[in-house]
Amino acid sequence: MKNDQKNINTIINHLKNSGFVFQSSEIYGGLANTWDYGPLGILLINNIKKEWWKNFIIKEKNNIGIDSKILLNPNVWKASGHLSNFSDLLIENKINNKRYRADHIYEEITNKLAAELTQEELEKWIIENVKEYDNSKTDWANIKKFNLMFKTNQGVIEDKKNEIYLRPETAQGIFINFNNVQRSMRLKLPFGIGQIGKSFRNEITPGNFIFRTREFEQMELEFFVYPHQDEEFYNYYVAKSKNFLLSLGLKEESIRLRVHDKEELAHYSKGTTDIEFLFSFGWGELMGIANRTDFDLTSHNKLANEKLRYFDQEKQEWIIPYVIEPSIGVDRLLLAIIVDSYQEEQINDESRIVMQLKYELCPYKVCVLPLVKKHSESAKEIFDMLIDHDIMATYDEVGSIGKRYRRQDSIGTYWCITYDYDSINDHSVTIRHRDTMKQDRIKIEDIISYIQNNK
Ligand code: GAP
């Protein structure tokens, strides 16, 4: 089934009913476009983050991680350009009192990039051409710039002096710690600093389930290089990022690379490649790899008390490194993984939902099932053994064996182990693979090695 044919509402219902994602604040009617992760969702999220950390930090020997704060000194956002530049163009239809992103309207109707127009040209185009939109006649107000940062106050008094912002990207927490990290870890260029954490954007038009939300999580690496190395590592991280996504099970035909036109580049970028994914609503940005040059370190150096820079031992001079940044949202990646792994299959007269997740991502690697309830004690011993070996497992004794298999297939459990009538005599169990549904008979003492050797 192609992604555009998959019914996203069916998938959302499945995710809700099986404990992956819930509407947030549901008992109060919800809060628009906010979603909570349930018990299976958080297991999948943690596995995704673990894979990113393994690939971008542990396996890249020059890279290390940090964890900086969501609330930072407001001067960080002044220097980074977020206070002046991090805004979307908002246009209001006075007839239905709804606000829209002007660029989205233009791009949706023309299939061209709005970045090619000035703000005035965009406004004129919409007013002259869009007489009906979103099932309503239109009477457009002028375009306004809307800053996407969430503002709050630190301390008890609410005034201008103590205004602070929730970070809109994790990257700046890395830049401002450049000296601390480089000195404490005695790092030599090129090296990377990564982190995973929450970011907040007051998006004008959030939506498409967890694709665009106001609170989300990012996994970002800032890779610092000598200026002349920027192209080499930009290309390296574009290729690495694509391979990372494929290694998580995304299909080759579901992703494509899109290089940004000059007009489209963010204020800090010399070059950006988006890795787009074919979501149910069409192609959308999943990951971005940007050449941020020395923009951020230089900008902080104009405002901060300390200079962020690197001493080049060979040339005996201070330099400002360039930065290559691969950045991806955890929530978007989770959505892409689910869309590509969710299958509805017809087997003889029966249908089954199966989430064909790669072993490392499965919320549960194994489910232990006693064929009948009287086997439960022995089956629970196997369950305990798996947990003791740090294998994420679950246990299910409710319903027919067929139904229990289906339930586990639908949440992506890789193996099902059934303890049956013969197990007591042959000290063996049946182990069933999720995708092939092939079953093997193995000795209980061999379960751990079987699982470890057949991932
Ligand atoms: N530090 C660079 C940066 O933040 P970005 O393209 O704005 O660049 C990076 O964001 C990634 O963060 C995106 O590719 C996307 O995966 C994720 N992301 C951005 N805005 C998001 C939102 N409102 N909801 C969910 N994920 C988002």
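Just a few scattered comments:
- Matching residues in the stretch 183-202 - criterion: being over 30 Å from PHE20 (Cβ atoms) and either crowded, with 20+ Cβ neighbours inside 10 Å or within 13 Å of the ligand (Cβ to nearest atom) (or both): PHE191, GLY192, ILE193
- Leading residue by the ranking (most open to solvent (accessible area, probe 1.4 Å)) among those in the stretch 412-439 that are touching a His at 6+ places or on another chain (Cβ under 9 Å) and over 17 Å from ALA379 (Cα atoms): GLN439
- Yes/no for ILE27 being of a type in the set (A, V, I, L, M, F, W, C) and part of a helix (DSSP H, G or I): yes
- THR205 fulfils the conditions (1) within 15 Å of the ligand (Cβ to nearest atom); (2) part of a helix (DSSP H, G or I); (3) among the hydroxyl-bearing types (Ser, Thr, Tyr) except for a single criterion, (2).
- Being in a helix (DSSP H, G or I) and surrounded by fewer than 17 Cβ atoms within 10 Å (Cβ to Cβ) holds for only one residue in LYS61, LYS50, and it is LYS50.
- Candidates ALA239, ALA266: the one that is in a loop (DSSP other than H, G, I, E, B), among the small types (Gly, Ala, Ser) and out of contact with any Ser or Thr (no Cβ under 6 Å at 6 or more places or on another chain) is ALA266.
- Among the candidates LEU187, LEU221, residue that is touching a helix residue (DSSP H, G or I) at 6+ places or on another chain (Cβ under 9 Å), part of a loop (DSSP other than H, G, I, E, B) and on the phi < 0 side of the Ramachandran plot: LEU187
- Tally, over the stretch 264-288, of residues that are open to solvent by 40 Å² or more (accessible area, probe 1.4 Å), within 11 Å of the ligand (Cβ to nearest atom) and under 17 Å from the mean Cα position of the chain (by Cα): 1
- Residue list for the stretch 8-32, filter: open to solvent by less than 50 Å² (accessible area, probe 1.4 Å) and within 19 Å of PHE281 (Cβ to Cβ): ILE8, ILE11, ILE12, HIS14, LEU15, VAL21
- Looking at ILE338, ILE328, ILE289, just one residue is over 18 Å from PHE178 (Cβ atoms), modelled with pLDDT of 95 or more and touching a Pro at 6+ places or on another chain (Cβ under 7 Å), and that residue is ILE289.
- Scanning the stretch 348-374 for residues that are in a loop (DSSP other than H, G, I, E, B), modelled with pLDDT of 95 or more and among the charged types (D, E, K, R) gives LYS358, LYS365.
- Number of the condition not met by GLU314 [criteria: (1) touching a Lys or Arg at 6+ places or on another chain (Cβ under 9 Å); (2) in a loop (DSSP other than H, G, I, E, B); (3) surrounded by fewer than 22 Cβ atoms within 10 Å (Cβ to Cβ)]: (1)
- Close pairs (6 angstrom Cβ cut-off, 6 or more residues apart or separate chains): in a helix (DSSP H, G or I) in the stretch 397-420, open to solvent by 20 Å² or more (accessible area, probe 1.4 Å) anywhere: SER410/ILE353
- Candidates are the residues of the stretch 289-308 that are without any contact (Cβ under 8 Å) to a residue 60 or more places away in the chain and open to solvent by less than 10 Å² (accessible area, probe 1.4 Å); the one that is farthest from the ligand (Cβ to nearest atom) is ILE289.
- Residue check for ASN180: open to solvent by 50 Å² or more (accessible area, probe 1.4 Å), away from the ligand (no atom under 11 Å from the Cβ), under 19 Å from the mean Cα position of the chain (by Cα) and not charged (D, E, K, R): no
- Residues of the stretch 355-392 that turn out to be open to solvent by 10 Å² or more (accessible area, probe 1.4 Å) and over 28 Å from PHE244 (Cβ atoms), as a count: 15
The values are calculated or read from the model by the stated rules, or taken from the named source; none is laboratory data. What you are looking at is a predicted structure, and each value in this text was computed from that prediction instead of being measured. Please note: Cβ atoms are built from the backbone with ideal geometry, for glycine as well, and neighbour counts cover all protein chains shown. Accessible surface areas use protein heavy atoms only, side chains included; no ligands, DNA or RNA. Shrake-Rupley method; radii C 1.70, N 1.55, O 1.52, S 1.80 Å.
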